[in-house]
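Enquirer: Input: one structure, supplied below.
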Amino acid sequence: MVAWKRQLILFGGFHESTRDYIYYNDVYAFNLDTFTWSKLSPSGTGPTPRSGCQMSVTPQGGIVVYGGYSKQRVKKDVDKGTRHSDMFLLKPEDGREDKWVWTRMNPSGVKPTPRSGFSVAMAPNHQTLFFGGVCDEEEEESLSGEFFNDLYFYDATRNRWFEGQLKKLRSGWRRRTRKRTVRRLRAPRVGSTTKTAERRAVRRTESPCQGRLASAVPTSAQDPAVLSEALGASVRPDAQERAEGGWPRPGCELSPMV
């Protein structure tokens, strides 16, 4: 199934019961405006009955049907499976949405191996991306499958296949990414930054003598001469300061030590 304009186009599929199975190659359209089904009858030779095929819309307005799987009974209780690798184009005939036509396509380039059930996505530059899928090997009494993880591109404008190549991530880029992540995790918190700023503000408002006086032990250190010796010239009072009674300076008062 694929979305085409305001319709969903459904092709093929299968039905299986305990007694029998059947594969289809008919086409139906579901109108998204009226919510009604209608059966399309395209002209030309279309794909054989199958399921697991992939559909994509081309830039020109057609629908590509590729690959798939089907099986048929060759004798009683013996079935033979078929992996399809052909491609068909379903498009409106003469621009009419009520009349469609099938066209067999033979794209060039590196084609995928026969498979079914792969994933399809639209890529840039009008290319269709095909990924994975499975190849079933069925014998008379056994069934085995090989799953794929390769990548292919189909360019509808050039009708050509390309094998996809994924580049490995460089280890250096991983290390740089990891370092950036660690730096982000170790970034300073807002609360800690605020506390640091508060501590710095307190230090600026402290008296220049407050931290140094903690090491002054003798009671006689209240004498300016002793203070000048213990704390340095920066706190030595001058004659004018003594005369005006401005000693000790505010914030530098000493209390006797026990």
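Enquirer: Does T113 satisfy the criteria of being open to solvent by 50 Å² or more (accessible area, probe 1.4 Å) and within 15 Å of G12 (Cα to Cα)? Working first, answer last.
Expert: Details: open to solvent by 50 Å² or more (accessible area, probe 1.4 Å): yes; within 15 Å of G12 (Cα to Cα): no.
Here the answer is no, as T113 does not meet what is asked.
Enquirer: Right, another one. Looking only at the range 98-121, how many residues end up being of a type outside the set (V, I, T) and within 18 Å of G46 (Cβ to Cβ)?
Expert: Going through the range 98-121 one residue at a time, the tally reaches 9.
Enquirer: If you go through the range 147-158 one residue at a time, do you hit one that is assigned to a loop (DSSP other than H, G, I, E, B), hydrophobic (A, V, I, L, M, F, W, C) and open to solvent by 40 Å² or more (accessible area, probe 1.4 Å)?
Expert: Taking every residue of the range 147-158 in turn, at least one turns out to be assigned to a loop (DSSP other than H, G, I, E, B), hydrophobic (A, V, I, L, M, F, W, C) and open to solvent by 40 Å² or more (accessible area, probe 1.4 Å).
Enquirer: From the list T45, T18, which one is open to solvent by 80 Å² or more (accessible area, probe 1.4 Å) and in contact with a Lys or Arg (Cβ under 8 Å, 6 or more places away or on another chain)?
Expert: Values: T18 fails: in contact with a Lys or Arg (Cβ under 8 Å, 6 or more places away or on another chain).
Criteria check complete, one pass: T45.
Enquirer: How many residues are closer than 18 Å to W100 by Cα, charged (D, E, K, R) and not in a loop (DSSP other than H, G, I, E, B) when one looks only at the range 1-31?
Expert: Residues meeting the conditions: 1.
Enquirer: Within the range 66-98, count every residue that is out of contact with any Ser or Thr (no Cβ under 8 Å at 6 or more places or on another chain) and loosely packed, with under 15 Cβ neighbours inside 10 Å.
Expert: Counting residues in the range 66-98 that are out of contact with any Ser or Thr (no Cβ under 8 Å at 6 or more places or on another chain) and loosely packed, with under 15 Cβ neighbours inside 10 Å gives 13.
The values are calculated or read from the model by the stated rules, or taken from the named source; none is laboratory data. Quantities reported herein were computed from a predicted structural model and do not represent experimental measurements. Note that each Cβ is placed from the backbone with ideal geometry, even for glycine, and that neighbours are counted across all protein chains shown. The area values use the complete protein model at the heavy-atom level, side chains included, leaving out ligands, DNA and RNA. Shrake-Rupley method; radii C 1.70, N 1.55, O 1.52, S 1.80 Å.
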